[in-house]
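Data block below; observations after.
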Amino acid sequence: MVGRDGPSDSVCPSIVSYGESVDKHRHVVIAGAGPAGLASAITLARAGLSVEVRELRGEVGGHFRGNLQLLTNYPDVRDARIELCSLLGSVPVSLWPQRSAQLFGPSGKCVSGRSSEPFGYLLQRGPGPTALDGALKRAAEEAGVQFRFRTRARPEEVDIVATGGAAAQGVAREWFGRTGLPDGFHAVFDNRICPGGFGYLLVAEGYTVVGAAVVGHQDRALEAFHRTVSFFRGRAGVPRIEHPTLSGSLDLFLPDPLLTSTFPLYVGEAGGFADHLFGFGIRLALQSGVLAAQCVLSGRGFGPAWEEHFGQRFKTGLANRFLYETGGHLAYRWFLAKASRSDFREVGQTLYKPGAAKRALATIARTVWKGQPDCVHGSRCVWCRMPKG
Ligand SMILES: Cc1cc2nc3c(=O)[nH]c(=O)nc-3n(C[C@H](O)[C@H](O)[C@H](O)COP(=O)(O)OP(=O)(O)OC[C@H]3O[C@@H](n4cnc5c(N)ncnc54)[C@H](O)[C@@H]3O)c2cc1C
């Protein structure tokens, strides 16, 4: 049964139980070939169903073309690499484990966050053979999934919607390329550089990403990008970069159990499955994709299933984001002090520990951050606030 191990454990494709109700001749159509859609497709096709994925673009991975991203290894106890291996089977994906992070605070002071187990794995996105989306596509093809590229799917035509974010309340601008910089994971937390967000520099075997994420200040994303580049030029030797090469949205809202209980099922970022604190969404995209597929197979409602698995996490994530925004530089300093004193992966896990205080803060956040009238996310939106000037 799905969910036996409680909310802190992850979704594993091997624990699916195929309910009496599953019709093996059923044809399932999925919109979107990102991590969420591909995870659903693989799980359903391996169970013997006929699966078709419709993708807007000419390849898997959306607008990502080799960019490095962090597959988080918290708050779940189960290791992300093992979880990914069980989904991919023998198909390889390059993972660079991260056990050390250079974190810069508002005063420019740098602390090191270290962990005995990786706090995350850097990987490449996009269609490349060892990139996440390329590896998922190969696993899907091996399982018999059919792809229709350059096809715009509408929700009413499909069983599972995995089309990514739709209405940005945060924006990330980044540059991706090859440099001679040493491997490393760097982040800067300073509202004068990236308001409401953070700047980052990720390097693995010369693949380099430098970027800025801002929340509630979308019109300032480009300035934030240039400030981040110049910050890391001084601190880590980042070369001169004229323009970002990618702009993407951080579309964060709480999934709605009512919406996700009826077909089509919304998974990944399209369903609100992303971390509210930093916008990390790959792992929840994979997990929600697998969980939705397991629900199709077992006949269980997707709404109650994700509530059981992820409900607490969304409450703590929202409380974390509220503390991050209202606490500002004070909160960033607290986070860095904690990171320098404790195991960094454990800091990530502790941040998501549920409790009465986090539940109360989540309720306050939802009251204070009411969705705007033209919000497209429905009643559970906590994110559609007017951009600050
Ligand atoms: C710059 C940037 C950096 C990020 N860094 C990280 C990170 O380090 N770690 C992390 O965990 N997360 C990160 N994220 C978030 C992460 O990229 C997303 O959470 C994740 O990609 C969500 O996966 P998904 O499958 O739900 O959607 P997506 O990956 O967005 O895939 C959706 C797919 O659906 C397709 N599509 C859209 N509309 C249609 C349609 N109508 N019909 C058919 N197909 C359609 C798209 O072309 C795309 O291929 C980052 C996001 C950005 C923008």
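Using a simple spin-label model with points 7 Å from Cα along the Cα→Cβ vector, what separation in nm is obtained for Glu242 and Ser342?
The two pseudo-label positions are separated by 4.6 nm.
Give the share of C-alpha pairs in each 10 angstrom bin for the stretch 170-248, from 0 to the last occupied bin, in whole percents, shortest bins first.
Percent of Cα pairs in each bin: 22, 57, 20, 1.
Express the relative contact order of the chain as a whole percentage, based on alpha carbon pairs under 8 Å and six or more residues apart in sequence.
Here the relative contact order equals 21 percent.
Between His63 and Lys109, what is 0.36 nm times their sequence separation minus the Cα-Cα distance? Round to one decimal in nm.
So the chain would gain 13.1 nm between His63 and Lys109.
Per residue of the stretch 220-230, in order, report the coupling 6.51 cos²θ - 1.76 cosθ + 1.60 (Karplus, θ = phi - 60°) as ³J(HN,Hα) in whole Hz, putting x for Gly and Pro.
For the stretch 220-230, the Karplus-derived couplings read 9, 5, 5, 4, 4, 4, 5, 5, 5, 4, 5 Hz, x marking Gly and Pro.
Of the DSSP beta bridges with both residues in the chain, give the percent that are antiparallel, rounding to the nearest 5.
Expressed as a percentage, antiparallel bridges in the chain total about 70.
Would you calculate a helix-derived [θ] at 222 nm for the chain, using -39,500 (n - 2.57) for each DSSP H run of n ≥ 4 and dividing by the full residue count, to the nearest 500?
Result for the chain, helices only: -11000 deg cm²/dmol.
Looking at the chain, identify the longest residue range that excludes and avoids all GluC sites (Glu not before Pro) in DSSP loops having at most 14 other Cβ atoms within 10 Å.
21-204
R0 = 22 Å: FRET efficiency of Thr130 with Thr179, Cβ-based, nearest 0.05?
0.65
Tell me the relative contact order for the stretch 170-248 as a rounded percent, counting alpha carbon contacts under 8 Å between residues six or more apart.
Relative contact order here is 37 percent.
For Ser86 and Ala331, FRET efficiency with R0 = 51 Å and r from the beta-carbon atoms, rounded to 0.05?
0.90
In terms of Cα to Cα distance under 19 Å, which lysines are near enough to Lys358, apart from those fewer than 8 places away along the same chain?
Output for Lys358: Lys315, Lys338, Lys370.
Could you pull out which residues in the stretch 172-214 have an amide N less than 19 Å from a spot 7 Å beyond the Cα of Leu222, following the Cα-Cβ vector?
Backbone N within reach: 172-176, 193-195, 210-214.
Under 15 Å between alpha carbons, and skipping anything fewer than 8 positions from Lys109 in its own chain: which aspartates and glutamates qualify?
Qualifying aspartates and glutamates at Cα under 15 Å: Asp190.
Let me know the volume per residue of the alpha-carbon convex hull for the stretch 33-163, in Å³. It would help to have the intermediate numbers written out before the result.
Details: hull volume 17.8 nm³, N = 131.
It comes to 136 Å³ per residue, whole-number rounded.
At q = 0.07, 0.11 Å⁻¹, what is the log10 ratio I(q)/I(0) for the chain, with the Debye formula run over Cα points and no solvent?
After summing over all Cα pairs, the log10 values are -0.29, -0.75.
How long is the gain from Ala166 to Glu141 if the chain were fully straight, where each residue apart is worth 0.36 nm and the alpha carbon distance is subtracted?
6.3 nm
Which length gain, in nm to one decimal place, applies between Glu157 and Ser100 when the Cα-Cα distance is subtracted from 0.36 nm times their residue separation? Before the final figure, lay out the partial values.
Numbers: separation 57, 0.36 × 57 = 20.52 nm, distance 4.53 nm.
My answer for the length gained is 16.0 nm.
Testing the spin-label approximation: label points 7 Å from Cα along Cα→Cβ at Lys24 and Lys370. State their distance in nm.
Between Lys24 and Lys370, the simple spin-label model gives 5.4 nm.
Mind checking which lysines have their C-alpha under 29 Å from Lys137, skipping anything on the same chain fewer than 8 residues away?
Of all the lysines, those that pass the test against Lys137 - Cα under 29 Å, at least 8 places apart if same chain - are Lys24.
Between Arg148 and Ser50, with labels modelled 7 Å along Cα→Cβ, what's the label distance in nm to one decimal, could you check?
1.3 nm
Taken together, the values in this text are just the output of simple stated rules run on the coordinates, not laboratory data. Quick caveat: nothing in here was measured; it's all calculated off a predicted structure. Counting neighbours? That spans all protein chains shown, and the Cβs are built from the backbone with ideal geometry, glycine included.
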